[in-house]
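First up is the structure itself, then whatever we jot down about it.
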Amino acid sequence: MPITGVSGRLHGEMPGDRTLRLQHGNRIEALCVLGTCISADVYGAAPAGAVSFSVKHTEGVSVEVKCQSPAEVGSAPGSGMRWPLDKGTVLRFSMSQASTEVNDNKVTVSFYAEGGQPINQAGVFLTGIGISLDVDADRDGVVEKNSPNKVTQPLALHGKSMGLQSLSLLRPSGVFQASWTWGPEGHGAILLVSCDKENPFTVASDCDDERVFSREDLLDMSQMVLRTEGPQRLPRGYEIILYIPVSEADKVGVFHVQNPFFGQRYVQVLGRRKLYHTVQYTGGAAELDFFVEGLRFPDDTFPGLVSIHVSLLETLAEGIPHAPIFTDTVMFRVAPWIMTPNTLAPVNVFVCSMKDNYLFIKEIKNLVNKAGCELKVCFGYINRGDRWMQDEIEFGYTHAPHKSFPVVLDSPQDGGLERFPIKDLLGPDFGYVSREPLFEAITSLDSFGNLEVSPPVTVAGKEYPLGRILIGSSFPTSAGRRMTRVVRDFLCAQQVQAPVELYSDWLAVGHVDEFVTFVPTSDKKRFRMLMASPAACYKLFREKQKEGQGEATMFKGYSGTDTKRVTINKVLSNNVLMQQNQYVQRCIDWNRDVLKKELGLLEEDIIDLPALFKLDKQGKAVPYFPNMVTMIVLAKDLGIPKPFGPIMGGECCLEQQTRCLLEPLGLRCRFLEDVCSYHGRLGEVRCGTNVQRRPFAFKWWHVTP
């Protein structure tokens, strides 16, 4: 059959082109992978004395000639089109349909001397085979065949067409490098870390287990399909392998069914202890299903991307090493761990049962019932005397197009609740992750009262649709306590909630939740940021003093150890307390300016709740009365520490002021007495509780970090 394609001046080869060396006087055999081109150096294969050549091929092959000079030379009748044999002349051929038999297609090159006499021939027998490694590259939950989103750009042919039949091909597997891109128009597959636990007989999460316990295990994994098409057998000397780079062996695991007709046992074919897997070629059109799991969340040494490759290998003879002649690659990104802000709906509220907090739990239960969520009580045999539920764990989740489930982040600051997240939370579709420092000293700032996340914000035109993480730290110009680096690096590596470091080391406990929190609203802004404010407290007290309420007494009914009579007049006349609170206000204002800049907030987005602090012997601040900012937020229902402020007309003026600030926003304030249970131990309502919330509806892969 005559040649079907021709082009003029030679351009660069396509990425992924395979070079084949023809030999005059011989016919060689080769596999041609559908969607790829084979290039042959015609000039280098020519016999001595040859000045031109012609090409014939079977119908299943498309051929293109690339030469320096496109002019056709003279040809004898019936001999077909001929080309001058210039240095650099390349023959490129491809196949668009798989072979049904080995060597069922061929290409023949005939060489001619000056005057048109034939000298010799070179030929190649071709077997067409289709190989495609496919994943859900467009993130719609379907593993498409040869999705164009699997690669960085579409196929583009080089050279000028002369109006003859051009290559009609599928997307060229392996021609372009696999990639992963962010944003609504992005592409690339997603992996979940198998950090939950389906097997009730182990203490480890699924990602530490190289076995599949049940079919539910597979539902957490991303599907990958290897599609092959071709003759009933591969020619001798060829094999197909699936493999991962050694640098990614501890980050991804791949499972495949073994003995599908005898119980369907899934085994790990790629992972920590196996870098490659020889694929059984079955002939005809076949699909092999693989299931892929992430083994690690992103961190400072792992950006979250993993690649899996399939290669067609060729060997010339027994004992000669195999060499790859084709590779297809898919790229996954491991789904991040995502924190949930106060503006998301609560699902479960957790609290520890202690000998002294029976009444507190009763009040919390009433609040939880009103909010329409569920209370989970952690009893003494689990909490082992540790009441600080907020400090031990942080609830979040992980999400892929095919599935989402909650994941708890365990603080390195272990107390009596150390066993709680693994024993009570880790299970089917409930994951667990932790980060433990190797050398750094753990401080109070490693407790997760020092970990907060804002609602979604837009800052100078840049959107943060999942909010931004807030971490308390030491003042930038001085030494002090900081959250351990391994946790900070982990939070930064998730990329979708870019962290902001605040200054919290001025506090004795040192947690950001002692001076800032967020509440949901139904207006255009959707939330308000609440900040503790000594200035607002002094302003309120001065107003009440002018109204003749200076002798109004604080701490009525207060169960703390300090029973001295405290009035508004005494507070306002205490110069030491005033100076200490001026210092505290400056620390809070420093954070206020950072938060306004990093969260794109205006003053009207911030509400100042009255608060007072006093400095301990180390110069660190502790609350003077229960700190109302350290509240629990359950949709519109707020569980606020009862402040025991000055009583006027039978009502606490601090509670009254807080209601005036928050209730117009549609919020319901309930003040909870926490002095004996928490405040007396330098904590508040939020410190003794924790909330698991519904995940964002927003798809994190639509973020542009």
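The values are calculated or read from the model by the stated rules, or taken from the named source; none is laboratory data. Everything numeric here is computed off the predicted structure, so don't read it as measured data. Because the Cβ atoms are built from the backbone with ideal geometry, glycine has one as well, and the counts that use them run over all protein chains shown.
Things to note:
- Considering region 545-556, the residues that are over 22 Å from F515 (Cα atoms) and either under 52 Å from the mean Cα position of the chain (by Cα) or of a type in the set (G, A, S) (or both) include one that is modelled with the lowest pLDDT, namely K556.
- Boolean, R485 is touching a Leu at 6+ places or on another chain (Cβ under 7 Å), charged (D, E, K, R), in contact (Cβ under 8 Å) with a residue 12 or more places away in the chain and assigned by TED's automatic domain parsing to the domain that holds L409: no
- Residue check for S559: more than 30 Å from I469 (Cβ to Cβ), polar (S, T, N, Q) and at pLDDT 95 or above: no
- Boolean, S404 is hydroxyl-bearing (S, T, Y), under 17 Å from the mean Cα position of the chain (by Cα) and surrounded by fewer than 24 Cβ atoms within 10 Å (Cβ to Cβ): yes
- Region 362-381, residues that are part of a helix (DSSP H, G or I) and buried (at least 18 other Cβ atoms within 10 Å of the Cβ): E363, I364, L367, V368, A371
- All positions within region 597-614 that are part of a helix (DSSP H, G or I) and farther than 18 Å from V629 by Cα: K597, E598, L599
- Flag: N146 matches the condition of being surrounded by fewer than 20 Cβ atoms within 10 Å (Cβ to Cβ), closer than 30 Å to P401 by Cα and not acidic (D, E).
- Considering region 559-596, and only residues there that are among the polar types (S, T, N, Q) and closer than 15 Å to V629 by Cβ, the residue that is surrounded by the most Cβ atoms within 10 Å (Cβ to Cβ) turns out to be N581.
- Among the residues of region 626-670, the ones that are touching a residue at least 40 places away in the same chain (Cβ under 8 Å) and in a strand (DSSP E or B) come to 12 in all.
- Filtered residue count, region 339-360, keeping only those that are surrounded by 19 or more Cβ atoms within 10 Å (Cβ to Cβ) and part of a helix (DSSP H, G or I): 1
- Taken together, D289, D300 contain a single residue that is out of contact with any Gly (no Cβ under 7 Å at 6 or more places or on another chain) and under 30 Å from E392 (Cβ atoms), which is D300.
- Of the criteria (1) closer than 19 Å to D593 by Cα; (2) among the hydroxyl-bearing types (S, T, Y); (3) at pLDDT 95 or above, which one S474 fails: (3)
- Selection status of P118, farther than 20 Å from P231 by Cα and modelled with pLDDT of 70 or more: yes
- Taken together, the residues in region 446-500 that are assigned to a strand (DSSP E or B) and either in contact with a Ser or Thr (Cβ under 6 Å, 6 or more places away or on another chain) or more than 21 Å from C587 (Cβ to Cβ) (or both) amount to 8.
- Strands (runs of 3 or more DSSP E) (entirely within region 179-284) containing at least 1 residues that are within 21 Å of A335 (Cβ to Cβ): 189-191, 222-230, 252-258, 265-270
Table: residues versus (1) at pLDDT below 90; (2) more than 17 Å from R296 (Cα to Cα).
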| site | (1), (2) |
| --- | --- |
| P200 | yes, yes |
| D217 | yes, no |
| R227 | no, yes |
| Q232 | no, yes |
| I241 | no, yes |
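Here's the yes/no breakdown for (1) farther than 18 Å from K539 by Cβ; (2) within 35 Å of the chain's Cα centre (by Cα); (3) in the same structural domain as G449 (by TED's automatic domain parsing):
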position: F625; (1), (2), (3): no, no, yes
position: K636; (1), (2), (3): yes, yes, yes
position: G650; (1), (2), (3): yes, no, yes
position: L654; (1), (2), (3): no, no, yes
position: L661; (1), (2), (3): no, no, yes
position: V675; (1), (2), (3): yes, no, yes
position: T689; (1), (2), (3): yes, yes, yes
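- Any hit, region 26-38, residues being closer than 13 Å to Y112 by Cβ and modelled with pLDDT of 90 or more: no
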